[in-house]
Structure formats: structure tokens, C-alpha cells
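To start, the structure itself, in C-alpha cells.
The values are calculated or read from the model by the stated rules, or taken from the named source; none is laboratory data. For clarity, every value in this text was computed on a predicted model and none was experimentally measured. Every residue, glycine among them, receives a Cβ derived from its backbone with ideal geometry; neighbour counts consider all protein chains shown.
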Ligand SMILES: Cc1cc2nc3c(=O)[nH]c(=O)nc-3n(C[C@H](O)[C@H](O)[C@H](O)COP(=O)(O)OP(=O)(O)OC[C@H]3O[C@@H](n4cnc5c(N)ncnc54)[C@H](O)[C@@H]3O)c2cc1C
């Protein structure tokens, strides 16, 4: 118990976030016989989707079932999984870290892995939030195949929507870019036409939702265009305040890491969407594994340094 009566525990590694990145790191580290705690607040990014695609051997599984299987594997090797939120992580001069949970519990760790993902700020168009992850989506690699050959709309809520529409044309010959707030250049229009993407000008009023499905897009001037799916470009915002509070260097809005997830702060690692908006589930899991590997090597070095200091 700590002086305030709250529980206190020591770990080799505390991992914040039990998505693919955090859990794969935990699996590697627990199998390396490290004392591991994983704290998770239960909001994985892909939770609104019924199915997860593009992960070899797991294609089509539900995101919840995928994470449940991962949690069971990690628990099987003795890691501790904690449902809760990490409020703060503080480093000490001796190179260890103090992790405070919303519950009041304090964890001490020799290394930290932050795998807290990102959140998608959705365009403020009625119907978008309601259908997000079902038939209003962002990623064609995750959902494009399921909407192949269907009537697809792309909302022009940010300049990236022009290329997004050109990309999504890969999956269907019937793609309409709703210009909405975009001022399309002549070059944009030429490229869209060359790619076989139609353009509908004018602001969008809403995504039409009826009988539990997207049915089309309604323009502010009243016309409607039938569509069975809508793609949007959300603003992706990393959940990185724990890292920036620790002083981790940031470049172009994202915390900088090396290939194994090491940040600029010794002992602090990050993996998955928190540092890489393009990371799919399989990528997040892969970097989580690489980070676990690197963290264990760091700890071996520290173990040796500690043993040498003890005998000198
Ligand atoms: C609608 C949708 C569908 C998608 N479909 C696919 C797909 O089919 N295939 C695919 O490969 N990818 C898909 N993705 C992308 C996928 O969601 C990401 O690749 C994946 O979630 C990244 O894993 P992660 O571990 O980095 O983050 P997450 O899975 O987001 O996990 C982060 C975890 O950290 C926790 N957390 C955050 N802050 C704290 C804190 N302070 N304390 C404790 N816990 C915290 C969160 O609650 C969350 O559980 C989809 C994304 C969306 C939005």
C-alpha cells in the first residue's frame, strides 16, 4: 500500500493500451518472463466495426473477439491486465517511472510502452457519426472490398478527399465525390474525370439513413443522390499526451520513434496508431512486438549494469 492507502505495484514494463500494439508487446514480454502490466480504458479505435480485415489468418473476425483472444493469450503467460485509465506517467532521475491510474492505484515500472492509439475526429455532417464503422467509413483497405461494385460517395470535407475518391475508384466504377466545402481546381476535375470519378458540386446537408442503412446523400439545395456507402476523411488525432508530458520529441505532429518504437526519452516506447496513423491492426501488432523485443534488450543491459554495480 502507498502512503495514501492506494495499492502500489512494481513491474518491469507497464504498457498503456491493450489494442493490437499493446497486447502483442505484452505477449512477447510476458513470454520473456518479464513482469508486465497492461492498463486499458476499453476504447479500441475499430470498435464500431463488426468485422476486421487484412490480418492474415484473422480476416473477418470481430475486433472484440480478436482482442479477447489476445487478452487470454497474454494472461496465460502471467501478465496482469488492468481495466482502467492511466492519468499520468512520470519519469524519475533513476530511470524508473511512476504510473498513476484513475482508480488511485500507482504502478512503478522500469520501462513504459504507450500504445494508446488515436481518435478520429469526424466531419460534422448529420448521419456520419451514426453510421461510422458500418457504411460510413474511412479506410478502403479495411472496408473497400465489402463495398465493391456498389454506389459509393466520398464527402469533400477536406482536401485529402480528392485523392481518397481516386483511390476508392479501385473498388467500384460508381464513385461520386461530393465537393461540399472543397473548391476543386481544374486539375483536380481533370484527374477525377480521367479516373472515372463523378463530381457533384454544392454543400451536403446530410447522409440519408433509413432502415438501418445509408441510402444516399442529400444536398443543401434539396437534391438527393442514392448511395449505399459513404467514405470520409477524418482528422486523426494521436492519443499522445502521456508521451508529450514525458518530453518525447514530436515531428510533424506525431511523436518520433525508431523502428522498434523507441522515443527520444530513454525507457519510453510507443507503438501503433499513437505514432503512426497508417498502422493497420497487423502493423500495430508488428511494431508492438518489435518494441517488446527492444524493451527486453534494454532491460537485460540494465540487469547487467545493476549486477556489476552490486559487486563493485
Ligand atoms: C471503423 C474502423 C474500422 C477499422 N477496420 C480495420 C480493419 O478492418 N483492419 C485493420 O487492420 N485496421 C482497421 N482499422 C484500424 C485499426 O483500428 C487500427 O489499426 C488499430 O486499432 C491500431 O491498434 P492500436 O493498438 O495502435 O490502437 P487501439 O486499437 O486504438 O488501442 C488503443 C487502446 O488504448 C486505450 N487507451 C487510450 N488511452 C489510454 C489511457 N490513458 N489509459 C489506458 N488505456 C488507454 C484505448 O482504450 C484502446 O483500447 C479500423 C479503424 C476504424 C476507425
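List of remarks:
- Complete set of residues in region 112-134 that are crowded, with 19+ Cβ neighbours inside 10 Å and away from the ligand (no atom under 11 Å from the Cβ): 112, 123, 125, 127, 128
- Residue that is farthest from the ligand (Cβ to nearest atom), among those in region 255-298 that are touching a strand residue (DSSP E or B) at 6+ places or on another chain (Cβ under 6 Å) and closer than 19 Å to residue 108 by Cβ: 267
- The conditions of being in contact with a helix residue (DSSP H, G or I) (Cβ under 9 Å, 6 or more places away or on another chain) and free of Cβ contacts under 8 Å to residues at least 12 places away in the same chain are not met by residue 19.
- Residue list for region 23-50, filter: in a loop (DSSP other than H, G, I, E, B), more than 14 Å from the chain's Cα centre (by Cα) and either surrounded by 15 or more Cβ atoms within 10 Å (Cβ to Cβ) or at pLDDT below 95 (or both): 32, 34, 35
- Residue in region 51-65 that is buried (at least 20 other Cβ atoms within 10 Å of the Cβ), within 8 Å of the ligand (Cβ to nearest atom) and not in a strand (DSSP E or B) present: yes
- Of the strands (runs of 3 or more DSSP E) lying entirely inside region 202-284, those containing at least 3 residues that are under 22 Å from residue 147 (Cβ atoms) span 204-210, 213-219, 224-226, 229-231.
- Among the conditions (1) under 24 Å from residue 35 (Cβ atoms); (2) more than 22 Å from the chain's Cα centre (by Cα), residue 218 misses just one, which is (1).
- Region 71-90, residues that are in a helix (DSSP H, G or I) and away from the ligand (no atom under 14 Å from the Cβ): 72, 73, 75, 76
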